[in-house]
Structure formats: C-alpha cells, structure tokens
Amino acid sequence: MRADLLTEAVDGLAEALAAVDGFDEALVGGLLRPRPGQADGPAGLADAVAGSPLASRVAEAAEKAAVGAAGEDHFVALAAARTALLGSVHDALTARIEEAVDRPRAEESGAAPGGGEEHAANLRTAARSWLCDLARAGWQGIDHELVGGAAPVVSAMLPDPALRRPATLLDGFAAELAASCPGATLERVPVRRWADLWSRALLLTLPGASAAPAVTEVSGRLLPLGVDVQEHATAVQAQVHAVFEPADGGASRLVRASVSAPKPDTVVGAGLWQLLRPHMSLLGAVGEGRAVELDAMPLTAEGDLLWDDARARTGEPAEVFTTARVALPTAAAFPTAPLDRHPARIAVPVLLEGYAVEKEDDGTVAFEVAGRRLAVDTDRVPAAGPLTPEAVASSGACVALLRWDAGEFLLQPLTVERTVRKKAVAVHAGAWAGGTTDKAGVRAEKAATDAVKVLRERAGRLLRK
C-alpha cells in the first residue's frame, strides 16, 4: 500500500468542505431571519456548484435564503448542492484509496433501482414541510413544539414499507433534537451531523429517492475478512466485510452482510452476540474462521448481501490473513449509490504488514507505513470481542477498514496478527460472534443472559396485568 498517497493533500478537498461548513453554520442560527454574515453560507454553496447543472437553482435558492424568503424548493436545492459537494469529496477520497491500494473498481452497473410506483405524496410533503421549518428556525431555535411536529408524520409513514427508510431517519433525527431542546441553551451543537441528517432526510422525501436498490441473486464462496460492530443504547448492528468469489469464475467482489437488533441498554460487550446470532448464521462462520457457500443469495447493486440463512451453508476453514493476502488484492468494489456518497461512509478493507507501531502516553496508536504515519482508531474496537488496543499495539500485521474522519485517513482494526511465544496468533474483533470459551467472553455472555431473562420476566408480568 502506498501510504504516501494517503497523507498527501487532495486537490479541491479543503475548498469543498469549507463551502459545506459555511452552509452548516448558517443552519445553526436558522434561515428565517438571517443575521449579518449568514448569507455567506448559502452563497458559498452556490459558488461551489456554479459549474454544475445545479448552478441556477442553487443560486436562486441562496438569494432567497439571504433575505429569509426561501421556500420548500429552495431548501431542496440547497440540500442537493450540499449532498453533491460531499459526494464529490467521497469520490475524490475513494479514487485516492484505489490508487494507494492498487485495487480494481467495478464500473457502474446501470441497473435501475427497484421499488414500485411512488405514492403517499401527502406524507412526503408533510415531512418536507417539517424539515423546512427546522431550517428556518435553526438548531438554536428548536423547541419541543417544533420538534414534536414530526411525530404524526413518522407515525403515518412507519407502517408503509416503501416509506420505512425516510420514516426511520426522521424518527431518529427528531429524537436527537428532542433530547437537545431548547436549542437556545445548547452549549455545543453537532453542526455537521445535524446538517447531514437534515439534508439526507429532505432528499429522501423526493419521489424515487428512497426506492430500493436493484437486486440480483449470486452463488459462490464467501470469505469473511472481519466484523464491524456498531452499538447504540437501544440497538446494535454487526456488519461483516468479505470477499465473494462467484461460482461461475467471475471477478471477485468486496461485499457486506449486515444484521441488526434492538437491545436494552443493560446488554453490552459479548452479550450483544446473543441478540444477533439468531438472525444470521454467518456470524457463527466468522467466529469459527470458515468460509460460507452461497446459493442464489440476494445481492444489491451496492454490494450488500440481503442475508437468508436458507441460502447459505458453512464451508471449509478460511483464515483471514490468507484471504487478505491472496483474494483481497484483486477483489473489486461495488459502486456507491448517489445519496450514499459521503466521506463518513468510506470503509475499505485493507491489509497492512511490516509496519512500526507508535503508542503515545495518552493511549493513542499509529502505524508507520513506509515512513508515513497512519492514525489507528482504537476507539472503534468493540468490547464484544478479544481484540484490544493493547493487542493492536503489539501487532505485526493487520486487516483493517480504511476510513476518513476529521481531515485524515484512519485505520479501524478488524483483525491483527501478533507473535506469542514465537508463534503468529490472529486476534479477531468478531472471534466471539458464534460463541466462545474465553473466560471474559463467557462471563459477559452469562451477564447478558441474566439481564435478558429478568427483562423478559418483567415484560411478561406487565403484559399479564
């Protein structure tokens, strides 16, 4: 891997992000009665897309926003411009990664999104209206009455599978805002995050934006690389990154398979696997270090397997570092959908070997690769497995997700190889996914079992009453 390409500046990146940041700052105070200087944010956005097909619409929207007269169409244009800019940042960073790792990229498939006829236009309009009211008020102007306006819209949208995606986003966004009301008393505003949620939600209410991606059925061998665990107080998700080798001898592809489940906040650590295992047999194969044979498994045009246990069976042993050294270099990535092109979505599996480890007094870790320093995000190492920051710091090889955050590329370790008693030993973040005999893992599983049992008993008593 050419680490020098990951540490050099990308042309135009700083300017694009500055335009996004300027608009995001304008949303903090709101666009109903713009204060002096607030007009610079929308104007900067318009300047940044002046050479694109969005130019005239965004220029008009910026002028209206500057005088507090922006309507629904104007806010949609501004959200589209912001999304396009972040999409260009995503594409530039992805191109830099592809050059650094020298890996093929799949061409756009040209397949049309799935989904049926657009409907429920009234609900989409209601959602857009609420989001426009948020933009006018700004994050400092939110209160419980304004935020509560999303509740009836979300309630009406959730039962409809075709609206589940925007409804879920609106529901979570409104919950975050409600927990921060009143906005006038906020000491710190998550400026980029709320602007991301606002612009994405607004565009998802447009006809066709929330259509399901095209799906095909594939057969072949799946070789897991590692598991990324994302935990929230009330939900958990495990995403398996893998190399897929088609049975027909076609080119290998990088794919993902995800499973999520609601959870009580008392279930943490290794106990999370109890909630996830029943929904995806792949986790057991990951824990055992085995390949999986797929038979007509649904696969989206973006590289996500829609997992069905009936179409998968556990195969032969498959060691992660063998997969990373032999199969990963030639595995092509799938294209990213337009609305998903965002720097935060970048997560590219890479193999690193022969690096030196730098560990600071505050516990931060970095790898020195070919004389270049790459930061390691050990905060992303899940507590639901045996991989620890200490294991990362003593490693000599690593399979990681290459991400981009806060202006630099970061490594999120999935699996590391370290020397123990003169033998190379692999430590996996997902080693406990299928069960474990590790003492720490067994204790955590037992604690989770006890917590779930108590909660079920309490729920049963409430239902009987």
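Coordinate-derived values only; no laboratory data. Computed from a prediction, not measured in an experiment: that's the story for all the values here. Please note: Cβ atoms are built from the backbone with ideal geometry, for glycine as well, and neighbour counts cover all protein chains shown.
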Completion exercise
Residue by residue through the range 38-54, the couplings from Karplus 6.51 cos²θ - 1.76 cosθ + 1.60 with θ = phi - 60°, in Hz, x for Gly and Pro, are 5, 5, 5, x, x, 5, x, 5, 5, 4, 5, 10, 4, x, 10, x, 7
Handout entry: Cα-based helix-to-principal-axis angle, 164-179 vs the chain, degrees rounded to 10
Key = 80 degrees
Handout entry: Placed amide H near Ala318: partners under 5 Å, 5+ positions off or other chain
Key = Arg290, Ala291
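For the range 215-330, rounded, prolate or oblate, judged on the Cα gyration tensor with a ≥ b ≥ c (square roots of eigenvalues), a/c < 1.5 rounded, else prolate if a/b > b/c? Spell out each step's value before the answer.
Details: a/c = 2.02, a/b = 1.66, b/c = 1.22.
Judged from the Cα gyration tensor, the range 215-330 comes out prolate (a/c at least 1.5, a/b above b/c).
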Exercise for the section: Scan around Ala332 for amide H atoms under 5 Å from its own, H built in the peptide plane at 1.01 Å from N, and keep only partners 5 or more places away or cross-chain. Expected result: Ser252, Arg253, Leu254
Handout entry: Assigned charges on the beta-carbon of Lys, Arg, Asp, Glu; the chain dipole about Cα centre (debye)
Key = 1540 debye
Exercise for the section: Could you sort 335-342, 57-64, 122-129 so that the peptide with the highest average Cβ count within 10 Å comes first and the rest follow in order? Expected result: 57-64, 122-129, 335-342
Practice task
May I ask you to evaluate 6.51 cos²θ - 1.76 cosθ + 1.60, the Karplus curve with θ = phi - 60°, for each residue of the range 353-366 and list the ³J(HN,Hα) values in order in whole Hz, giving x for glycine and proline?
Solution key: 9, x, 8, 9, 9, 10, 10, 8, 4, 7, x, 5, 10, 9
Completion exercise
Applied in sequence order to the range 189-194, the curve 6.51 cos²θ - 1.76 cosθ + 1.60 (Karplus, θ = phi - 60°) yields integer Hz couplings, x standing for Gly and Pro, of 10, x, 4, 5, 4, 5
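Quick check: from the Cα gyration tensor, does the chain come out rounded (a/c under 1.5), prolate or oblate? List each step's numbers first, then the result.
Details: a/c = 1.63, a/b = 1.37, b/c = 1.19.
Cα axes put the chain in the prolate bin.
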Handout entry: In degrees, nearest ten, helix 439-464 long axis to first principal axis of the chain (Cα)
Key = 50 degrees
Handout entry: Cα long-axis angle, helix 13-29 against the chain (0 to 90 degrees, to the nearest 10)
Key = 60 degrees
